[in-house]
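I have placed the structure first, in the form of structure tokens, so that the comments after it can refer back to it.
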Amino acid sequence: MSLSMKPATPCTLPTTTTPAKHVSVRCCTLTQTAVRPLKMSLDTHQPAVKSWEHLLDPLDYDPMASFFTSRAVKLGNKWKEYQGVKNWEGLVDPLDENLRGEILRYGSFVEAAYRSFNFDSSSSSYGACRYPKSTLLDRSGLHQTGYRLTRHLRATSGIQLPHWVDMAPNWVATKSSWIGYVAVCQDKEEIARLGRRDVVIALRGTATGLEWLENFRATLTPVPNADTKPTHHDDGDGDDSEPMVETGFLSLYTSGTDEVPSLQEMVREEISRLLQTYGDQPLSLTITGHSLGAALATLTAYDIKTTFKLAPMVTVMSFGGPRVGNRSFRCQLEKQGTKVLRIVNSDDLITKVPGFVLEEEDADVPKDQNVYVAGLPSWIQKRVEDTQWVYAEVGRELKLRSRSCPYLKNINVATCHDLKTYLHLVNYS
């Protein structure tokens, strides 16, 4: 099946060799003043990306070169509000300008993860990171962030393949691949602006064949070693459930090999080290990802809060993420104090899978209560809830829509999910 789209009118920037403090930006027929561009550029030696998520460019512009953030704005003692301590009340609708800048800033860390991944399946280093820690941010186009990479992260599939697969192409047989990184804010001025030292975990979306297969393992499975008791739903049925998450996502998070530790082990080891180093300072952990990376970011946040009882504030910035777990899993996230901001494009089908949700989006309905669908017999609903396909949405949703921008109306399913589309919509929503 062929995919086609009507070329979009590109966003335009004035051509200048030195960054200006104030420039005029024209995009989607809107003109506005932007404050001090974040210094970003492309690595001119970057090969063509061979991921379906980047084959079609919905915007025909470089997001890393056109995001703007007001770095002069000092978050100071309000930083926790932007990290979700009050669940972003009053900041999402309409979208607060400072929060917009923070979302774009964290989204650019995810874009850097995509640009650093070797998508060339003919290469012997397919699935690896193209850059060392010392230069990754600069070479992926993200300059002067004030952050320093401290660890590369890999994810491993737990799917057992027959031995003959070793002769298959790299994109089929690669079990373990680079999926992101941990970075710590080290710049004193940026720490002062943010109001704390920030640790970022940035995770890319699906790239390899086995990652795709894991995505399709969509039934729910119990979270191992969950330090929780089953959640009792006081609805008269005596239904108790334990935290459960999508099987494939959990596999990618917890699987490892003799040579490569699991993503879970790498995260725990690095967070333990960072807490020992910076635990006596104001500190935040921000986990951000797109698509599969958004799902793994949610699992990572859950695991960190479960493993480290004195963990600082943990926030997830999720772009185009699929559903992750059941209602009990969501309740445990909330009980932990984990804050999740889900940035969702209503035209993106990935955010509507896997499984289905038997809940009303009514703020007056307690989130730990079952909600019965009108006209559905109780015995049928009970059987449905006993299946491993009933998911629950987590966190606070920031809803965007491709069709709200005239130049994005005719893009297809794939580009509705592209990270560039998300960041464009956030920038101009």
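Quick check on this structure: which one of Ser121, Ser125 is assigned to a loop (DSSP other than H, G, I, E, B), on the phi < 0 side of the Ramachandran plot and touching a helix residue (DSSP H, G or I) at 6+ places or on another chain (Cβ under 6 Å)?
Answer to the check: Ser121.
Out of everything in segment 287-309 that is buried (at least 24 other Cβ atoms within 10 Å of the Cβ) and of a type in the set (Val, Ile, Thr), what residue ends up being farthest from Glu334 (Cα to Cα)?
Going through the qualifying residues, I end up with Thr288.
Could you check how many residues of segment 132-160 are part of a loop (DSSP other than H, G, I, E, B) and touching a residue at least 24 places away in the same chain (Cβ under 8 Å)?
10
Go over the candidates Trp178, Trp88 one by one and state the one that is over 18 Å from Lys420 (Cα atoms) and assigned to a strand (DSSP E or B).
Trp178
Is it fair to say Phe109 is open to solvent by less than 10 Å² (accessible area, probe 1.4 Å), of a type in the set (Phe, Trp, Tyr), over 24 Å from Val413 (Cβ atoms) and modelled with pLDDT under 95?
no
Return yes or no: is Trp212 under 17 Å from the mean Cα position of the chain (by Cα), surrounded by 19 or more Cβ atoms within 10 Å (Cβ to Cβ) and either under 22 Å from Val110 (Cβ atoms) or modelled with pLDDT of 95 or more (or both)?
no
Could you give me the residue pairs with C-beta distances under 8 Å whose first residue belongs to segment 279-292 and is more than 18 Å from Thr338 (Cα to Cα), whose second residue is basic (Lys, Arg) and surrounded by fewer than 24 Cβ atoms within 10 Å (Cβ to Cβ) wherever it lies, and which are 6+ apart or on separate chains?
Gln281/Arg196; Gln281/Arg197
Rundown of residues vs (1) at pLDDT 60 or above; (2) surrounded by 14 or more Cβ atoms within 10 Å (Cβ to Cβ); (3) of a type in the set (Lys, Arg); (4) farther than 20 Å from Leu91 by Cβ, yes/no style:
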| site | (1), (2), (3), (4) |
| --- | --- |
| Lys339 | yes, yes, yes, no |
| Ser346 | yes, yes, no, no |
| Leu349 | yes, no, no, yes |
| Val365 | no, no, no, yes |
| Gln381 | no, yes, no, yes |
| Arg396 | yes, yes, yes, no |
| Pro406 | yes, no, no, yes |
| Asn410 | yes, yes, no, yes |
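The values are calculated or read from the model by the stated rules, or taken from the named source; none is laboratory data. Predicted, not measured: the structure shown is a model, and the values here were computed from it. Here the Cβ is made from the backbone with ideal geometry for all residues, glycine too, and neighbour counts use every protein chain on show. Surface accessibility is based on the protein's heavy atoms, side chains included, excluding ligands, DNA and RNA. Shrake-Rupley method; radii C 1.70, N 1.55, O 1.52, S 1.80 Å.
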